[in-house]
1. Normalized C-alpha radius of gyration of segment 1-93, against 2.2 N^0.38 Å?
2. Convex hull over the alpha-carbon atoms of segment 39-106: what's its volume per residue in Å³?
3. Hey, in the GNM for the chain with a 10 angstrom Cα cutoff, which one of GLY63, GLY27, GLY108 fluctuates hardest?
4. Based only on other Cβ atoms within 10 Å, what is the fewest-to-most ordering of ASP126, ASP47?
5. Assuming R0 = 22 Å, what is the FRET efficiency of ALA148 and LEU71, from their Cβ-Cβ distance, to the nearest 0.05?
6. Whole-Hz ³J(HN,Hα) for each residue in segment 73-85, computed from phi via Karplus 6.51 cos²θ - 1.76 cosθ + 1.60 with θ = phi - 60°, x for glycine and proline: what do you get?
7. Considering only ALA16, ALA36, ALA138, give the residue with the highest GNM mean-square fluctuation for the chain, with springs between Cα atoms whenever their separation is below 10 Å.
8. Per DSSP H run of at least 4 residues, take -39500 (n - 2.57); add these up for the chain, divide by its residues and hand me the 222 nm value, nearest 500 deg cm²/dmol.
Amino acid sequence: MAGNDEADDAALLSEARTLTPALYALGRVLRLHGVAEAGLPPLPPSDLEVLRQVLDTPGIGVGALAQELGLHASNVSATVRGLVAQELVRREPDPDDRRAVRLFPTMGAVQGMAMIEQAWSEIFADSLATLSREQRTALSAAAPALSALASSLRAQRTASPGDR
């Protein structure tokens, strides 16, 4: 039975080695494109990641945001200050701890992200048009599995070392 486990492990590793570069390349396209195409002022990829997380989890604190993104709290704080100055994020005192703040997206952030996501859709649509119908169908069918993989990776990263 150990032989089967080793064979399964080798097969999984092989699949991961095939998928990882493709997924990384897609992520890079999203990080580096979309803002300018949406007609918005330049926004560094790290700012976009922080903003996306604040949009996804309104009321998140800086510490939890840093943990979720795998960044140092000081770096996240600096990014948040910039986003507040651009009026994309607002800070509110945490009702449970007045020393802490909770972060919320502004309407400008919501509208801006909608424009960015529309630009991403257009970028992807142009590229999807170059693929065969079978390739497009396979990509669409893979969307739920890719979402589940992202959730698993997030959970694995945020789990304590003893839980892994």
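1. 1.50
2. Each residue corresponds to 84 Å³ of Cα convex hull volume.
3. Result: GLY27 has the largest fluctuation of those listed.
4. Final ranking by Cβ density, sparse to dense: ASP126, ASP47.
5. 0.35
6. 4, 5, 5, 5, 4, 5, 5, 4, 4, x, 5, 5, 4
7. ALA16
8. -23500 deg cm²/dmol
Computed from the coordinates by the stated procedures, all read-outs in this text should not be read as laboratory data. No experiment lies behind these values; they were computed from the predicted model shown. Positions of Cβ are backbone-derived with ideal geometry, glycine not excepted, and every protein chain shown enters the neighbour counts.
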